[in-house]
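Trainee: Got a structure for you, written out below as structure tokens; questions coming shortly.
A short reminder: the numbers here are calculations on the coordinates, not readings from a lab. Please read these numbers as outputs of a predicted model, since none were measured by experiment. Cβ placement follows ideal geometry from the backbone for every residue including glycine, while neighbour counts extend to all protein chains displayed.
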Amino acid sequence: MTVLPSRWIRVHLDRQEADLLEGRTVRRQYPVSTALNGPGEEDGSFCTPRGWHVIRARIGAGVPEGGVFRGRRWTGEVCTPSLYASQPDRDWILTRILWLCGREPGRNRFGRVDTMRRYIYFHGTPDAIALGVPGSRGCIRMRNSDMLDLFDVVSAGMPVWLGAASEAPDQPDPGLFPRHANPEVT
């Protein structure tokens with residue numbers, strides 16, 4: 001008998017929503033913003049990849065809300081409205097990072113379609129940036145408060161699925177995910 005991970009994330013690219021699930025039950029929903037260029041896996045496409053992934057790394061524990069990251073390192077800055085206004089076209093990565101790694105060789109892993117090598121993350125974004133509509137360069141943008149909430153209840157190795165709502169699975173693919181521990185959802 002295969003034991004599936006109980007907690008996982010499902011992102012509906014067409015609805016611009018992320019669900020945190022426990023088994024088949026949605027426990028939390030978050031508005032997100034995925035790629036302005038739509039879905040796609042090719043390196044340099046600035047698209048959001050589809051398919052099964054895992055959280056490869058959780059980055060930023062202890063950084064203040066709105067903390068600015070470059071190269072996955074906190075710069076020591078905190079994004080303020082005036083800092084954002086001075087650089088509105090910057091690709092702001094704030095608060096926390098959940099770095100994704102593809103699980104499907106040839107689709108979102110290895111070669112020119114490798115999600116991890118494309119540096120695709122869940123991350124916080126300035127308050128002035130709209131959610132619920134595509135707008136990123138491939139990552140999954142979230143409100144900073146939602147990013148803090150999600151970060152606290154996920155673990156490295158947790159399954160993540162990205163795609164159209166019409167193709168959404170109701171549980172992780174048992175062939176792709178070994179059992180792993182998850183923190184409690186309250």
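Trainee: Considering only residues that are assigned to a strand (DSSP E or B) and in contact (Cβ under 8 Å) with a residue 12 or more places away in the chain, which ones fall in segment 96-115?
Mentor: Answer for segment 96-115, where residues must be assigned to a strand (DSSP E or B) and in contact (Cβ under 8 Å) with a residue 12 or more places away in the chain: Arg96, Ile97, Leu98, Trp99, Leu100, Cys101, Gly102.
Trainee: To continue, here is another question. Answer yes if at least one residue in segment 86-98 is touching a helix residue (DSSP H, G or I) at 6+ places or on another chain (Cβ under 7 Å) and acidic (Asp, Glu), and no otherwise.
Mentor: Checked segment 86-98: no residue is touching a helix residue (DSSP H, G or I) at 6+ places or on another chain (Cβ under 7 Å) and acidic (Asp, Glu).
Trainee: Restricting to segment 4-26, count the residues that are of a type in the set (S, T, N, Q) and in a strand (DSSP E or B). Steps first, please.
Mentor: First, pick out the residues of segment 4-26 that are of a type in the set (S, T, N, Q): 6, 16, 25.
Now drop any that are not in a strand (DSSP E or B), which leaves 25.
So the answer is 1.
Trainee: A further question on this structure: In segment 45-95, which residues are exposed (fewer than 14 other Cβ atoms within 10 Å of the Cβ), part of a loop (DSSP other than H, G, I, E, B) and of a type in the set (S, T, N, Q)?
Mentor: Thr80, Gln87
Trainee: So the check is Cβ under 8 Å with 6+ separation or different chains; which pairs have a first residue in segment 19-33 that's surrounded by 18 or more Cβ atoms within 10 Å (Cβ to Cβ) and a second one that's of a type in the set (S, T, N, Q) and not in a loop (DSSP other than H, G, I, E, B)?
Mentor: Partner pairs satisfying both residue conditions: Asp19/Gln29; Leu20/Gln29; Ser33/Ser136.
Trainee: Hey, another quick one. Return the total of residues in segment 120-141 being out of contact with any Asp or Glu (no Cβ under 9 Å at 6 or more places or on another chain), surrounded by 21 or more Cβ atoms within 10 Å (Cβ to Cβ) and either among the hydrophobic types (A, V, I, L, M, F, W, C) or free of Cβ contacts under 8 Å to residues at least 12 places away in the same chain (or both).
Mentor: Residues in segment 120-141 being out of contact with any Asp or Glu (no Cβ under 9 Å at 6 or more places or on another chain), surrounded by 21 or more Cβ atoms within 10 Å (Cβ to Cβ) and either among the hydrophobic types (A, V, I, L, M, F, W, C) or free of Cβ contacts under 8 Å to residues at least 12 places away in the same chain (or both): 3 in total.
Trainee: Could you please tell me which pairs satisfy a Cβ distance under 9 Å, a separation of 6+ or placement on different chains, a first residue in segment 70-86 that is more than 17 Å from Ala128 (Cα to Cα) and in contact (Cβ under 8 Å) with a residue 24 or more places away in the chain, and a second residue that is of a type in the set (Ser, Thr, Tyr) and in a helix (DSSP H, G or I)?
Mentor: Qualifying pairs under 9 Å: none.
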